[in-house]
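Written out below as structure tokens is the structure these notes cover.
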Amino acid sequence: MNENHMDENASGSALPSPISQKINVLKLPAKGLNVKIEPDADVLAALAKSMGVLSISSLSAKLNIKRWHKDGVRVSGPLKAQLYQECVITLEPVEETVNEEINAVFVPETSKLAKPAVTGEANELLIDAEGDDVPEVFQSPFLDVGDIAAEFFALEINPYPRIDGAEEEAQKFAEESASDKEEAKENPFAALAALKDKL
């Protein structure tokens, strides 16, 4: 996860996403809180615009927000979405599906758990590669679970969407272009004549 980008949204220091939904973590039930995020068509259109995709036909997240250690919060649950993007080669619409499991931990900015443990002599961070991610920070008492869902969704969007067969089309176009250039090299006068005919 892009930690810096996530911090900006989750902490509320940047503009919230169109599916922003803040909860007060000080009022969490002992068993946790279940939150369902299912935006309507207008909100999906705004979200698609903010993420630079053609459209988002559906998005749903079923999140469970539980206390983690003394002052932290764990957010977990499935995120599903259907969206359309432009193919990077043909510019035709590409349908894509996102199925992601959200599992992230957040602590207040003032928490001792906000920073990894440091060894005394070498000043080295003690991070367990097999363990949980380093907790993200937020401005207590409000945590924006909508922004968190939007962040995970954005990270799962394919940066280079392609329709089936797009590579073959690109290869064919490249070969035709190379052939045209080769013909122009072999007979520059013919190329000039063709250009004159066009004018």
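The values are calculated or read from the model by the stated rules, or taken from the named source; none is laboratory data. Just so we're clear, the structure is a prediction, and the values are computed from it rather than from any experiment. Note: ideal-geometry Cβ built from the backbone for every residue, glycine included; neighbour counts use all protein chains shown. We work out accessible area using only protein heavy atoms, side chains counted, and drop any ligands, DNA or RNA first. Shrake-Rupley method; radii C 1.70, N 1.55, O 1.52, S 1.80 Å.
Only a single criterion out of (1) at pLDDT 95 or above; (2) in a loop (DSSP other than H, G, I, E, B) is not satisfied by Phe153, namely (2).
The set of residues in the range 84-112 that are open to solvent by 90 Å² or more (accessible area, probe 1.4 Å) and within 17 Å of Phe152 (Cα to Cα) comprises Asn99, Glu101.
The set of residues in the range 69-89 being in contact (Cβ under 8 Å) with a residue 60 or more places away in the chain and in a strand (DSSP E or B) consists of Gly72, Val73, Val75, Leu79, Ala81, Leu83, Gln85, Glu86. Of the candidates Ala81, Ala61, Ala41, Ala48, the single residue that is surrounded by 15 or more Cβ atoms within 10 Å (Cβ to Cβ) and out of contact with any helix residue (DSSP H, G or I) (no Cβ under 9 Å at 6 or more places or on another chain) is Ala48.
How about the range 22-38: which of its residues are assigned to a loop (DSSP other than H, G, I, E, B) and open to solvent by less than 70 Å² (accessible area, probe 1.4 Å)? Matches in the range 22-38: Leu28, Pro29, Gly32.
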